Each structure stands twice: as structure tokens, then as C-alpha cells.
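One structure below.
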Amino acid sequence: MKFLLLAFCLCLALSQCTKKPVWADEFNYAGAPDSTRWNYDLGDGCPDVCGWGNNEAQFYTRNSKNVRVENGNLIIEAHKDSAGSKAYTSTRLVSKHKGDWLYGRIEVRARLPKGKGTWPAIWMLSTDWKYGGWPASGEIDIMEHVGYDPGVIHGTIHTEKYNHIKWTQKEGKITIADAMDQFHVYAIDWTKDKIDFFVDDTLYHSVAREPQDDFTGWPFDQKFHLILNLAVGGNWGGKEGIDEAIWPRRMEVDYVRVYQ
């Protein structure tokens with residue numbers, strides 16, 4: 001029995017050692033996000049997919065009131081102040097062409113905003129759109145939260161075959177009651193044929209490639225990049241309206257770490 005226990009511990013230690021850090025931002029600086037790691041998606045998504053395809057109410061900027069690093073945290077903050085044709089401003093930060101990975105463990109330690117109309121997300125899209133536009137090239141939602149349903153964390157994949165337009169998305173949920181008050185680690189382990197979803201090392205959802213799936217069901221054999229954003233309203237985030245009295249609201253990120 002002692003030998004078996006020792007062997008198990010050794011295997012566990014070796015498996016942890018095989019994961020090496022390949023990319024990170026600890027946000028141990030002040031000012032704008034590190035330009036060697038991050039780009040921005042700007043505007044309201046028009047003319048291609050206005051409202052970023054979800055009828056969202058925000059205009060994305062790179063202004064310091066919407067995005068900055070302070071006190072060791074990345075701040076993404078939504079304000080009720082119009083820009084373009086939108087009544088709110090916020091930020092959508094992307095690692096595209098500065099952090100792109102095929103497989104690995106991605107961890108983001110974050111605290112989420114409160115209030116109806118908030119829709120923070122930590123997610124991934126294809127960098128090269130190998131199989132075509134959304135949803136053909138896939139989407140991995142590491143964490144989504146809608147303010148009207150406080151504490152319920154969603155982890156989801158979308159593909160041509162499995163997506164929310166068809167109501168076939170592969171989604172898992174876990175309730176983290178203090179997600180808006182405390183920092184938690186939202187993570188995935190992504191391998192060739194499987195994606196596991198975690199909160200604070202608790203596995204709550206797994207998606208495996210189906211034997212019959214080609215790229216329409218499993219396009220996750222290409223590089224993806226990370227997106228951090230705080231949307232306002234939209235088809236899902238605004239399903240029960242937007243509380244106009246709560247703004248500004250922020251998502252705070254302590255760190256982003258990627259292992260392979």
C-alpha cells in the first residue's frame with residue numbers, strides 16, 4: 001500500500017512538472033496594459049457584426065478610464081457615457097499575434113462585476129480562422145457571467161455543429177456565490193481531444209471530441225488567443241435589462257498564466 005501511494009504521488013509530481021510556463025502577465029506595473037502582450041478590439045463591431053454580434057450596448061475603447069493596470073491588477077471598467085452610437089464604453093483586450101497557443105492550461109485570476117447588464121468574459125477565438133468565420137473555427141469560453149444571474153459561472157465551447165444559435169452548445173455551469181466579491185481562478189486544460197473547465201482547481205465541466213466529429217464539431221486543432229472583456233447588455237447580458245444606476249462597473253484581473 002505504501003509503495004502504491006508513493007508511486008501515485010511521484011506520478012502526480014511528474015505530471016505537474018511537465019507543465020511549463022510559456023506566457024504570462026502578472027500586472028505588476030502601472031498604466032496601460034503591456035503592449036508586447038495585448039492588442040485591442042475597438043468600436044462597436046460595425047459594419048460586420050454590429051454590437052459584436054450580440055446587440056451589446058457598449059463601444060470598446062483603449063482609454064485609461066476603461067482599461068488600466070493599478071495596484072497589481074488589470075482593470076476593465078464599463079462606464080455609462082456614450083461613444084459612437086452606443087450608450088456605454090468598455091474595453092475588449094486581446095492577445096492575438098502576441099499570445100497564441102495550441103493546447104495548454106490557461107489560468108486567469110479575476111473578480112467579477114455586480115449588477116444587471118454586466119457581462120464579463122474570459123474566452124478564446126481562433127487566431128487564423130482556419131475553418132472560416134464564426135462559429136466554424138470555434139470558440140472556447142473559459143468564463144462567462146451575466147449579472148442578472150449572480151454567481152453562476154459558465155464554461156462553453158461553440159463550433160459549427162455545437163453553438164448557441166442552434167441551442168447545441170456544450171456548456172457547463174458552477175455556482176460561485178462570492179465571484180463578485182472575491183478573486184477566483186478560472187482555467188481550462190486543453191489537449192488534443194478534450195477541454196476541461198475549472199474554478200479554483202475544481203473540475204466542473206469536460207468536453208471531449210466525439211468519435212464522429214470532424215472540424216465542424218472539433219476545430220480545436222489550431223492556435224487560439226485570449227480575450228478579456230466586459231460587455232454591457234446584449235442578447236444574453238441584457239436579457240433582464242440594464243440597471244442604469246450602477247455604473248461604472250469593473251472586472252479586475254490579478255494575473256494571466258499559460259502553461260504547456
For the peptides 95-101, 141-147, what is the packing order when you average, over each peptide's residues, the other Cβ atoms within 10 Å and list the highest mean first? 141-147, 95-101
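Nothing charged except the Cβ atoms of Lys and Arg (+1) and of Asp and Glu (-1): what's the magnitude of the dipole of the chain about its Cα centre? Round to the nearest 20 debye.
Values: 30 positive and 35 negative charges, 76 e Å.
With only Lys, Arg, Asp and Glu charged at Cβ, the dipole is about 360 debye.
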Helix 2-17 sits at what angle to the longest principal axis of the chain, using alpha carbons and giving 0 to 90 degrees rounded to 10? 40
Loop chymotrypsin sites (Phe, Trp or Tyr not before Pro), segment 133-217 (other Cβ atoms within 10 Å of the site Cβ: 15 or fewer; DSSP): 167
In whole angstrom, the spacing between the Cα centers of segment 241-258 and segment 45-65 equals 16
According to a simple spin-label model (label point 7 Å from Cα along Cα-to-Cβ), what is the distance in nm between residue 254 and residue 193? 3.6
If the reach is capped at under 20 angstrom between alpha carbons, list the lysines near residue 114, excluding any in the same chain fewer than eight residues apart. 65, 80, 173, 239
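May I ask you to order 129-137, 57-65 by the average number of other C-beta atoms within 10 Å around their residues, highest value first?
Going from most to least packed, we get 57-65, 129-137.
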Run a plain Debye calculation on segment 120-260 (Cα atoms as equal point scatterers, no solvent) and give log10 I(q)/I(0) at q = 0.11, 0.13 Å⁻¹, rounded to two decimals, same order as the q list. -0.42, -0.59
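For segment 206-255, how big is the tail of P(r) above 18 Å, as a whole percent of Cα pairs? Kindly include the intermediate steps, with their values, before the conclusion.
Numbers: 745 of 1225 pairs.
Pairs farther apart than 18 Å: 61 percent.
Quick note: the coordinates plus some simple rules give every number you see, no bench work behind them. These numbers come from a predicted model, not from an experiment. When we count neighbours, we look across all protein chains shown, and the Cβ atoms used for this are built from the backbone with ideal geometry, even at glycine.
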